[in-house]
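Presented below is the structure to which this report refers.
The values are calculated or read from the model by the stated rules, or taken from the named source; none is laboratory data. Remember, predicted model here, so these are calculated numbers, not experimental data. Cβ placement follows ideal geometry from the backbone for every residue including glycine, while neighbour counts extend to all protein chains displayed. Note: accessible area is taken over every heavy atom of the protein model, side chains too, but ligands, DNA and RNA are not part of it. Shrake-Rupley method; radii C 1.70, N 1.55, O 1.52, S 1.80 Å.
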Amino acid sequence: MNTKHLYNSAEGLVLKSLRGAVALNPNVILHEPSKTVYTPIHSPHKQVAVISGGGSGHEPAHAGYTGKGMLAACIAGDIFASPSAKQILKGIGLASSPNSFPQSQKPPAKDLSDSSAPEGSLKPQLDVLAIINNYTGDILNFGLAIEKARGTMPGTRIESVVVADDVSLLPQNRQHALQDSGSGTTNKLVGPRGLGANILVCKILGALAERGASLDVVKAMGDAVVGNLYSIGVGLEHCHVPGHLTEKNRALGKGECEVGLGLHNEPGVRRREIGSPAELIGEMFEMLFRSGARGKEGGIMKGTDEMKLQAECKEGTVLFINNLGGMSQLEMGAVVDDVLQRLALYSIRPKRLYCSSYMTSLNAPGFSISILNLPGTSNAFRSNLGGRISSEESEITVEELLDMPTDAYAWVGARNSWPAHGTDGLGTSHSDHLGSTTNLSSTNDSSIPIRPTDVVDIEESPAGRNDRIQNAIRGACLRVIEIHEQLTEFDTVVGDGDCGDTFKAGALAIMNALDNGSLKIQKYMDSVIYGIAEIIEDVMGGTIGALLAIFLQALAVSVTQDRVEHPNSEVRWGYALQYAKDTLSRYTPAEVGDRTIVDALGPFCATMAHTIVAGANDSSATVEDTNSKDNTWKSLIAMLVEATKQARIGAEKTRGMAAHLGRAAYVASASSSTSTSAGAVELPPDPGAWGVCAILEGFLDGLRT
Ligand SMILES: Nc1ncnc2c1ncn2[C@@H]1O[C@H](COP(=O)(O)OP(=O)(O)O)[C@@H](O)[C@H]1O
Ligand SMILES: O=C[C@H](O)COP(=O)(O)O
């Protein structure tokens with residue numbers, strides 16, 4: 001693994017890289033706080049803004065694919081971590097406003113008028129279609145943002161399509177690998193991952209939107225394309241995240257490659273000698289065609305069989321080869337040649353052929369091959385639209401959409417480009433605020449909103465009470481920072497290695513907010529929890545950020561409700577925590593035993609709730625109204641001690657446990673498999689559950705001081 005970098009830390013790297021990206025295209029703008037790159041000008045006939053995004057580390061995705069004829073906006077998370085729902089919500093807003101220039105910049109008059117457009121025909125808000133790669137963090141955060149946007153932007157319709165093109169772990173390919181090497185992981189609940197063909201979807205849908213298609217048509221085409229898209233990757237080595245330690249257990253052997261390796265080092269289906277490139281490519285095509293029968297587990301595919309897929313591909317295929325970032329151009333040319341030779345054996349001659357570094361995995365030496373079944377796509381498109389298809393729409397072909405020009409700088413394959421708008425200074429960045437009271441680019445000047453009912457005189461609070469709570473929150477943050485490298489190490493084995501950094505970002509931002517006074521310890525704890533949830537939503541992306549934000553938001557809601565309904569009694573923390581846990585369950589099916597944060601959070605909440613019930617009327621476990629009763633603290637601490645102990649026991653149990661959800665579901669546990677294949681490793685504890693324990697233990701220690 002090549003661990004040498006020019007920039008040896010991930011700190012600030014994403015924003016710098018985005019600034020570079022907008023400098024390369026004068027027609028896009030960077031909104032720094034939300035890390036959104038967007039096009040401020042839309043053609044007058046356009047009805048839909050197509051957006052995408054995800055973790056960084058996949059450049060030039062997606063900033064390089066933002067521009068006229070492709071994406072209207074993209075939102076970037078930290079390296080390998082989804083952007084937060086709040087970032088995405090801002091991105092949706094910027095994408096859907098036809099003239100969303102920064103306040104500091106005036107739009108060039110000539111670009112805002114189009115002589116072909118009747119006056120006043122500009123749609124005030126565009127509808128939005130989000131292209132989401134199938135990763136838990138992206139699904140959760142885009143999903144939450146879309147829900148919020150539906151509530152707050154009534155004039156805008158929003159739909160999404162999910163790209164899940166990786167066929168490597170489908171049952172038929174796993175079974176085949178099993179015969180070869182004894183490997184096999186199950187990932188029934190998470191479904192196939194999204195790979196580089198995401199960019200093909202961005203091109204097709206972006207062009208369709210540019211032609212003025214409606215949201216229903218763009219969505220119908222999106223579903224048709226993702227249902228007929230098949231990809232398989234191979235890695236010669238894993239990629240390295242700047243500033244991270246190197247992996248201990250999973251390095252590939254000399255001369256070995258990993259078939260089915262994911263975009264974030266997720267394990268593939270098997271390792272093999274690299275051997276002859278032509279044979280390796282042959283194996284990849286066998287897996288691609290064998291996946292013609294994907295359906296149930298892939299979730300998205302309409303079932304066709306292997307021969308039918310081959311037959312349809314003979315009629316029309318798009319071939320899309322993606323360099324993961326570390327392959328030489330020399331070798332990639334040779335790959336194209338071998339791929340075409342292999343396809344010729346199936347009598348397939350692709351109608352369109354693309355090869356470039358479309359969606360990278362940092363510096364990974366590897367590539368993926370994708371095929372798009374054109375007849376399958378066109379049939380599915382018509383059937384998705386049913387009787388609602390116009391004659392003009394029924395004529396649309398994927399090939400013409402691929403051939404349409406775009407000014408997105410990284411699309412390799414465009415025949416033409418529109419001339420630049422000639423607007424000096426457009427390719428710049430700005431930092432108008434995010435539409436919330438917090439600022440993502442700098443936690444220094446973030447200010448947490450205070451609800452009217454929360455504005456209370458802090459002096460009313462008992463002396464020492466606020467300090468205790470502050471100590472507890474700081475204790476939790478410090479413990480998280482202390483162990484974040486351990487979390488990274490665990491997540492490097494089972495996930496994509498970003499978990500420690502994501503936890504740390506949240507902890508630092510909360511401490512920062514306490515230091516600068518934007519997070520205040522109020523009389524009512526719900527306002528404090530709202531404040532913390534808001535910070536987490538702002539600065540923590542990924543799955544963990546979304547889950548913690550949902551949990552804390554729900555906790556605050558239930559504490560508020562409790563306060564309103566029982567104004568004279570103390571907060572029932574057990575009930576409130578159980579409500580928060582139940583709310584979380586609406587967004588994730590995770591249960592204890594699935595190897596997720598629920599393994600720690602579940603027992604914690606259940607014990608707190610049980611303690612309340614068992615303690616009958618002793619609901620004195622509240623941090624409010626604690627002035628006179630020292631035993632209130634003792635009681636609360638006693639409950640927390642027991643509940644935190646149960647959380648730790650739950651987290652310990654995840655050591656070696658096979659995962660059913662999240663990225664870890666792609667990794668086979670060594671204890672559940674006798675093989676030494678690509679996936680089977682000695683599993684460390686679940687990083688999410690481990691991080692939750694650190695929060696609880698640090699909180700408890702702080703409370704005791
Ligand atoms: N569906 C899920 N439900 C509950 N927790 C989950 C789920 N998927 C993953 N997790 C938790 O999230 C942790 C990983 O968080 P994070 O690093 O943000 O994930 P990713 O980078 O894959 O988005 C896991 O260790 C696990 O505890
Ligand atoms: O690059 C990573 C993905 O876009 C986000 O995935 P994640 O948040 O589930 O890790």
(request) Could you check the simple spin-label distance between Lys351 and Ser391, using points 7 Å along Cα→Cβ, in nm with one decimal? (result) 2.1 nm
(request) Mind jotting down the distance between the C-alpha centroids of region 351-377 and region 585-612, whole Å? (result) 40 Å
(request) Would you grab the residues whose amide H sits under 5 Å from the one on His238? Only those 5+ places off in sequence or on another chain, please, with H modelled 1.01 Å from N. (result) Leu252
(request) Compute the distance in nm between two label points, each set 7 Å from the Cα along the Cα-to-Cβ direction, one at Glu256 and one at Gln486. (result) 2.8 nm
(message) Can you give me the C-alpha center-to-center distance between region 203-267 and region 1-75, rounded to a whole angstrom?
(response) 17 Å
(request) Pull out the extension gain between Glu591 and Asp337, defined as 0.36 nm times the separation in residues minus the alpha carbon to alpha carbon distance; nm, one decimal. (result) 86.6 nm
(request) Compute the length gained on full extension between Gln125 and Asp403: take 0.36 nm times their separation in residues and subtract their Cα-Cα distance, giving the result in nm to one decimal. (result) 97.3 nm
(message) Order 77-84, 396-403, 23-30 from most to least packed using the mean count of other Cβ atoms within 10 Å.
(response) 77-84, 23-30, 396-403
(message) Compute for region 463-704: radius of gyration divided by Kirkwood radius, i.e. Rg/Rh, restricted to C-alpha atoms, rounded to two decimals.
(response) 0.98
(request) Based on the mean of other Cβ atoms within 10 Å per residue, sort peptides 251-260, 643-652, 328-337 so the most packed one is first. (result) 643-652, 251-260, 328-337
(request) Summarise the accessible area of region 463-704 (1.4 Å probe, protein heavy atoms) by the percent that is carbon and sulfur. (result) 53 percent
(request) Calculate, for region 475-586, the solvent-accessible area per residue in square angstrom, rolling a 1.4 angstrom probe over the heavy atoms of the protein chains. (result) 34 Å²
(message) Using the Karplus curve 6.51 cos²θ - 1.76 cosθ + 1.60 with θ = phi - 60°, what ³J(HN,Hα) values do you get for each residue of region 384-392, in whole Hz, with x for Gly and Pro?
(response) 5, 7, x, x, 8, 8, 8, 5, 5
(request) Starting from the amide H of Thr654, placed 1.01 Å from N in the peptide plane, find each other amide H under 5 Å away whose residue is 5 or more places distant or on another chain. (result) Asp686
(request) Quantify, in whole percent, the carbon and sulfur part of the accessible surface of region 185-239 (1.4 Å probe; protein heavy atoms only). (result) 51 percent
(request) Might you report the magnitude of the Cβ-based charge dipole of region 463-704 about its Cα centre, with Lys and Arg at +1 and Asp and Glu at -1, to the nearest 20 debye? (result) 440 debye
(request) For Cys355, enumerate residues with amide H under 5 Å from its amide H, sequence gap 5+ or separate chain, H modeled in the peptide plane. (result) Ile321
(message) I want to check the label-to-label distance for Thr152 and Ala278. Put each point 7 Å from Cα in the C-beta direction and report it in nm to one decimal.
(response) 5.8 nm
(request) Mind ranking 229-242, 147-160, 312-325 by how tightly packed they are, going by the mean number of other C-beta atoms within 10 angstrom, highest first? (result) 229-242, 312-325, 147-160
(request) Pop the C-beta distance of Lys520 and Asn2 into the FRET formula with R0 = 51 Å and round what comes out to the nearest 0.05. (result) 0.65
